[in-house]
Amino acid sequence: MLKEAHNGVSVDLPSGIHKENDRPTWDNKFQYLLTCIGFAVGLGNVWRFPYLCQTYGGGAFLIPYFIALLLLGIPLFHIELAIGQRLRKGSVGVWNAISPYLGGVGISSLFVSFLVGLYYNTILAWVLWYFFHSFQDPLPWKSCPVNDNQTEYIDECSKSTPVNYFWYRKTLNISSDIMDCGSLHWGMVLCLATAWAVVYICTIRGIESSGKAVYITATFPYLVLTIFIIRGLTLPGATEGLIYLFSPNLNVLKNPRVWLDAATQIFFSLSLAFGGLIAFSSYNSPKNDCEKDAVTVAVINSLTSIYASIPIFSILGFKATTAYWDCLDRNIVSLTNEFDLMDQNITRDTYNTWHEELNNQYPERTSRLNLKECKLQEFLDQSASGTGLAFILFTEAILRMPGSQVWAILFFIMLFSLGLSSMFGNVEGVFTPLLDLHLLPKAVPKEVLSGLICLVSFAVALIFTMTSGNYWLEVFDNYAGSLTLLVVAFFEVVGVIYVYGIKRFSDDVKWMTGRYPNLYWQATWKVFSPIMMLVIFLAYIVIQTQKEPNYETWNPNFVNFPIKEKKLYPKWVLTICVLLVVIPCMFIPGVALYHFIRRLRDKRCRCKAEPYINSAYCNSQTSL
């Protein structure tokens with residue numbers, strides 16, 4: 001049972017801040033750390049970090065990654081934990097307390113958490129869909145279904161693969177254009193409702209309920225990852241997968257995109273600027289060592305990314321090796337039949353020798369076979385991130401593993417646990433600020449507010465269950481959860497270091513931890529972190545303006561199907577993309593402008609109400 005914080009500690013809060021005696025606290029330090037780790041460690045650790053390592057020179061990517069962790073990730077993480085713990089408020093309350101002009105930063109965080117939660121929980125609905133279907137034997141994405149006449153396989157499936165067909169047609173029921181909204185996928189609606197029901201149950205009373213659930217959701221993925229590591233390392237081809245992943249190619253460090261993606265990965269994987277970390281730390285004891293917590297959670301998050309890469313690429317190495325063997329076996333059968341050779345004359349080890357010799361002696365007969373060139377490297381190069389890794393490449397690899405049902409069930413339970421613990425932070429980033437704003441009377445229980453958040457989110461997220469839903473999810477992912485977070489985080493650093501004051505903030509940190517922030521913290525807060533965010537912001541704008549926004553569609557009627565067809569976004573969709581960035585960000589200058597105008601109005605009213613005040617003084621005040 002969570003305890004209530006009473007008059008046990010005297011806290012020297014800044015002027016205008018009142019101590020809240022009824023604010024709940026964590027049961028223990030371990031529960032708090034697990035919650036922060038669960039929020040930070042999410043789906044991106046499993047399906048984006050390994051992809052970036054593979055794409056950018058394997059082990060070489062770790063160099064810019066850890067530099068970004070030191071100069072950007074950990075310093076920002078420390079700021080969010082410190083201000084939440086010191087002021088004991090959610091994101092809106094914290095920034096209003098620091099300065100009313102910064103109140104929009106908290107509102108922007110609230111909006112971003114809400115928007116990201118919409119599509120993030122839809123991914124969990126997809127995970128549930130696959131989880132429920134994993135109990136079938138054989139797995140439903142193992143083979144193509146037959147047509148209505150029971151005469152041949154469905155054309156869309158036979159032209160692509162059973163795995164692709166199950167994902168795009170059975171799971172998404174996807175349309176060929178974002179403008180073709182279609183109807184709701186009722187099976188997915190049920191999974192979405194289930195996902196939001198689970199989130200509601202776990203967050204029904206804020207940290208008082210999610211703090212209990214996190215013992216399972218934050219630890220279970222590590223157990224499953226360990227099981228997958230043990231199994232993955234015993235599979236043929238696992239070594240090739242790991243060598244491919246971690247072999248360093250230092251030449252890629254000359255590419256500025258590598259540094260940009262490394263900094264972006266650190267920023268988003270730590271869940272900065274969502275407001276969830278501020279909310280979680282606000283339930284801490286004021287004398288908690290937030291500096292140690294920030295370093296601990298950030299390092300664990302990064303190590304988890306590396307840890308998750310091992311089973312992922314062990315199994316993908318196994319998939320590539322088996323696909324390479326299948327390619328060789330088909331060629332061996334073709335050569336054996338064409339030249340009437342004895343079975344087992346040609347083996348995988350001797351295939352290249354036989355092929356070269358037969359091609360030299362009988363070039364015409366060999367060329368007629370149209371043998372495919374089999375290269376292990378090409379199969380290893382078939383990389384993917386995000387849903388492509390989880391629902392296509394990895395599910396296909398699972399099919400090749402003995403006991404595929406068990407591995408599928410474990411894999412999707414792990415993904416659901418990872419996503420659920422991250423959802424706690426997204427919901428808390430909305431729940432705590434609304435609670436601190438006292439929008440509802442105190443008589444209204446917390447369960448009602450949690451229910452309203454989940455119900456509204458479910459209703460809006462129904463757009464992702466339509467036939468064009470996957471395209472809209474990509475829009476939200478690319479625009480609602482990217483640039484806005486950079487803007488919010490930048491103003492967080494500016495607000496704390498240059499408005500609240502770095503000396504005042506450092507004194508607060510010393511009061512909480514017993515240590516004055518050293519040169520590393522001072523330099524990163526004042527210089528390196530703001531500059532890195534500005535560079536990322538400008539680079540992002542440059543990259544986006546260099547290309548016209550487009551999206552890839554799954555179109556069975558496309559002439560090059562199953563290759564995806566690229567289309568440009570319609571103008572009205574581009575408008576929505578812009579609004580997803582602008583609307584959350586506009587609260588930052590909007591709230592500041594509101595308070596500035598209000599201050600001018602109050603000064604004028606004061607001068608009119610008190611005419612004996614020197615007119616020169618009034619003029620100087622109203623001109624501010």
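The range 452-501 and the range 278-323 have Cα centres separated by 22 Å. Ranked by the mean number of other Cβ atoms within 10 Å of their residues, highest first, the peptides 113-123, 233-243 fall in the order 113-123, 233-243. Of the whole protein surface, residue 571 contributes about 150 Å² of accessible area at a 1.4 Å probe radius.
Seen against the Cα atoms of the chain and their longest principal axis, helix 29-40 is set at about 60 degrees. By the rule of a C-alpha distance below 13 Å, with chain neighbours fewer than 8 residues away ignored, the aspartates and glutamates paired with residue 442 are 22.
Run down the lysines and flag those whose C-alpha is under 29 Å from the C-alpha of residue 319, throwing out any fewer than 8 positions away in its chain. Correct list for residue 319: 142, 159, 170, 372, 375, 564, 566.
Put the Cα centre of the range 389-447 next to the Cα centre of the range 509-539 and the gap is 31 Å. Helix 483-494 and the long axis of the chain differ in direction by around 40°, with both axes built from C-alpha atoms.
Peptides 143-155, 210-222 ranked from most to least packed by the mean count of surrounding Cβ atoms within 10 Å: 210-222, 143-155. Can you list the aspartates and glutamates whose alpha carbon is less than 18 Å from that of residue 510, not counting same-chain residues fewer than 8 positions off? Cross-link targets: 12, 80, 289, 291, 293. In the assembled protein chains, residue 374 presents an accessible area of approximately 20 Å² (probe radius 1.4 Å).
For the range 193-210, backbone phi angles converted through the Karplus equation (6.51, -1.76, 1.60; θ = phi - 60°) give residue-by-residue couplings of 4, 5, 4, 6, 5, 5, 4, 4, 4, 6, 10, 4, 10, x, 5, 5, 10, 5 Hz, Gly and Pro being listed as x. Candidates 399, 361, 389 compared by Cα position along the dipole of the range 358-413: farthest toward the positive end lies 361, with charges placed on Cβ. Note on the range 76-104 and the range 235-265: Cα centroid distance 37 Å, given to the nearest whole angstrom.
The values are calculated or read from the model by the stated rules, or taken from the named source; none is laboratory data. All of these numbers come straight from a predicted model, not from anything done at the bench. So basically every Cβ, Gly included, is an ideal-geometry build from the backbone, and we count neighbours across all protein chains shown. Surface areas here come from the heavy atoms of the whole protein model, side chains and all, with no ligands, DNA or RNA. Shrake-Rupley method; radii C 1.70, N 1.55, O 1.52, S 1.80 Å.
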